[in-house]
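The values are calculated or read from the model by the stated rules, or taken from the named source; none is laboratory data. In this text the structure is predicted, and so the values were computed from the model without any measurement. Here the Cβ positions follow ideal geometry from the backbone for every residue, glycine too, while neighbour counts run over all protein chains shown.
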Amino acid sequence: MELMGKSSILVINGSLQRRIHGLIGSFFNSATLKSQITAEMERYVRESMGRWREDSPIYIQDEAKNIAFQVLVKALISLDPGIEMELLKKYFQEFIAGLMSIPLNFPGTQLYRSLQAKRKMVKIIDGIIQEKRGCNEGTTKDVVDALLNDKNEQLTDELIAENMVDLMIPGEDSVPLLMTLAIKYLSDCPAALTQLTEENIKLKKLKDILKEPFSWNDYVSSLPFTQTVITETLRMGNIITGVMRKAMKDVEIKGHLIPKGWCVFAYFRSVHLDDKLYDVPYQFNPWRWQEKEINNGNFTPFGGGQRLCPGLDLARLETSIFLHHFVTKFRTFGLIFGILSSETSSTRVRISARIMV
Ligand code: HEM
């Protein structure tokens, strides 16, 4: 809690949470972000995959983390890769190491180091905020602009800078895990990998003929099977295991009384892997989503209600772009290590280049 800060969107409730949530959500749904971030993400993926070599294994989760961090920082504060980005990455790693640490704050402890790292990140972001205030353009190019342009007095520069750091947490870890798990499940299900590859190669060839760049919409709507793969990965992977809620008054749910003040953990896994809701739930079966509705209470990887994840479309887009480039550029030889390799906690794959004809 100390690391998050008292005004973090991840911990506050009430009107300020709704305000910040609304501003972030509208920016993530805006045409500006959609056109800009699709091109940026493609660039980061191409640059990253351009460095992959056939003779050395690729650590998928590490690569995905690097790409997703750059995309998120671009969307949040319009920072491009460079020295400041590298510094932010370094401080961020130190910062998140403290999220699961013993709550002792004095020199030498992890919590102390993490708080110092967060302070340094806030300083860099505050510099960017002051520059933006100086220009006073009034346009909304990133999440910081969306918050700065709002006239709500509670949105101080300090609150905005701190929230930018906190926003990197859900974005940085969950998206790379989604990408990595998708590769893992696909490598275990050759039929799905083949169908996904064919769908992506077909669209790529069409786009090449039309000499048209891919848009956000292409990745999300014109690749329906790819979307079912992402949906099925979210169901089986349960990237966020569940959400915590506190009863503000006595509540009765299905005959069970939850007294006021009690905390409840809604465990997504017990729903997503329930055989009464999903046939053979432990089997990776993207085809099940060709008939199934995703907007129902039995599928909540992004939560729901007023805390519904505002980054859900961005997460799907990023994963779609990653998979598209992965299958159109490479032929995978399958995994070398499983997902929980103690060496790196990252999935390793060996790849070879795909020649498109
Ligand atoms: C696979 C990727 C992701 C998954 C599975 C995921 C899942 C979730 C879930 C389950 C919640 C609800 C938490 C709760 O109710 O307490 C949430 C909230 C949130 N997510 Fe995501 N998320 C993902 C990606 C992202 C991305 C890319 C962003 C972009 C910054 C993001 C930003 C947020 C924020 C700000 C909240 C808090 C919203 C609030 O409390 O008002 N998430 N996410």
Helices (runs of 4 or more DSSP H) lying entirely in region 120-238 (those with 2 or more residues that are of a type in the set (D, E, K, R)):
157-188, 190-210, 224-237
Tell me, please, whether a residue that is in contact with a helix residue (DSSP H, G or I) (Cβ under 9 Å, 6 or more places away or on another chain) and basic (K, R) can be found in region 140-161.
yes
Taking the criterion of being polar (S, T, N, Q), loosely packed, with under 15 Cβ neighbours inside 10 Å and within 23 Å of P310 (Cβ to Cβ), would at least one residue in region 34-42 satisfy it?
yes
List the strands (runs of 3 or more DSSP E) that sit entirely inside region 253-357 and contain at least 2 residues that are modelled with pLDDT under 90 and away from the ligand (no atom under 16 Å from the Cβ).
330-337, 348-353
Log entry, pairs with first residue in region 63-88 being without any contact (Cβ under 8 Å) to a residue 40 or more places away in the chain, second being of a type in the set (A, V, I, L, M), beta carbons closer than 7 Å, six or more apart or on different chains, reads Q70/M85; M85/V73; M85/L79; L87/I124; L88/V73; L88/M121; L88/I124
Odd one out for T233, checked against (1) under 17 Å from L317 (Cβ atoms); (2) away from the ligand (no atom under 16 Å from the Cβ); (3) buried (at least 20 other Cβ atoms within 10 Å of the Cβ)
(2)
Could you please give the count of residues in region 43-61 that are in a helix (DSSP H, G or I), surrounded by 17 or more Cβ atoms within 10 Å (Cβ to Cβ) and of a type outside the set (S, T, N, Q)?
4
When you look at I258, is it surrounded by 15 or more Cβ atoms within 10 Å (Cβ to Cβ), over 30 Å from S56 (Cα atoms) and without any contact (Cβ under 8 Å) to a residue 12 or more places away in the chain, yes or no?
yes
Looking only at residues that are away from the ligand (no atom under 11 Å from the Cβ) and in a helix (DSSP H, G or I) in region 15-32, which one is farthest from the chain's Cα centre (by Cα)?
S15
Cβ pairs under 7 Å, 6+ apart, first in region 284-297 and among the polar types (S, T, N, Q), second modelled with pLDDT of 95 or more:
N285/E232; Q290/T228
For A75, state whether it is modelled with pLDDT of 90 or more, within 15 Å of the ligand (Cβ to nearest atom), in a helix (DSSP H, G or I) and among the small types (G, A, S).
yes
Which numbered condition L323 misses (of (1) touching a strand residue (DSSP E or B) at 6+ places or on another chain (Cβ under 9 Å); (2) crowded, with 20+ Cβ neighbours inside 10 Å):
(1)
For the condition within 21 Å of G304 (Cα to Cα) and either touching a Gly at 6+ places or on another chain (Cβ under 8 Å) or in contact (Cβ under 8 Å) with a residue 12 or more places away in the chain (or both), what is the one hit in L223, L234, L203, L196?
L234
Considering region 210-256 alone, what residues qualify as being within 27 Å of K34 (Cβ to Cβ), over 19 Å from the mean Cα position of the chain (by Cα) and among the aliphatic types (A, V, I, L, M)?
L210, L223
